[in-house]
Amino acid sequence: MKVAPGSAHRLASDGFSEVGARGYHYRILAALDEFGVASQAELGRRCNMDRSGVVAAINELAEQGCVERTPDPDDRRRNRVTLATAGPRQLRRLDEALDRVQQDDLLEPLSADDRQALTRLLTRLLTHHQRAWGLSFGSCWARGPWHARCPR
């Protein structure tokens, strides 16, 4: 059943491109918003991105004024990345684009009741697995288990 995930990825990519961004941008901004300052290596691990993808996305986000990169005072070989002035605003735009895609396209065939049932069932699964494995996915799940800020 690879059709649904592939379709969801395509829809998310289309939504992000409407606001001049990519999925990598969203991952980095969401991780910085969720966890705060991080090194480039930490962002790569958190966002499941390779080193070159992290560097390229951070360069693009820095040019847009969304993130700032500074040398780590404890280790000059490492960079610290923080949200800059435009970062939270861009993250809101990306969240809104993703919400539109989910509601208007991905979940279109479901009624409002079916959408609520889906959310309830996915939340129940998440809660079970969090307890069983001692996992914590952070506040990304508060908006719905299918939300892009959630780990994949």
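Overall, the anisotropy analysis places region 28-136 in the oblate class: the square-rooted eigenvalues a ≥ b ≥ c of its C-alpha gyration tensor yield a/c not less than 1.5, with a/b not exceeding b/c. Extension gain, Ala86-Ala62: 0.36 nm per intervening residue step, less the Cα-Cα distance, totals 7.7 nm. The modelled label-to-label distance between Asp75 and Arg131, using points 7 Å beyond Cα along the C-beta direction, is 3.8 nm. Site pair Glu96 and Asp114 shows an inter-label distance of 2.9 nm when each label is modelled 7 Å from Cα along Cα→Cβ.
In this structure, the amide hydrogen of Ala84, modeled 1.01 Å from its nitrogen in the peptide plane, lies closer than 5 angstrom to those of Val67, Glu68, counting only residues at least 5 positions away or on a different chain. Dipole orientation for region 1-114: of the candidates Val55, Gly65, Phe35, Val55 has the Cα lying most toward the positive pole (charges on Cβ; Lys, Arg +1; Asp, Glu -1).
Coordinate-derived values only; no laboratory data. Computed from a predicted structure; not experimentally measured. Cβ coordinates were reconstructed from backbone atoms using ideal geometry, including for glycine residues, and neighbour counts include every protein chain displayed.
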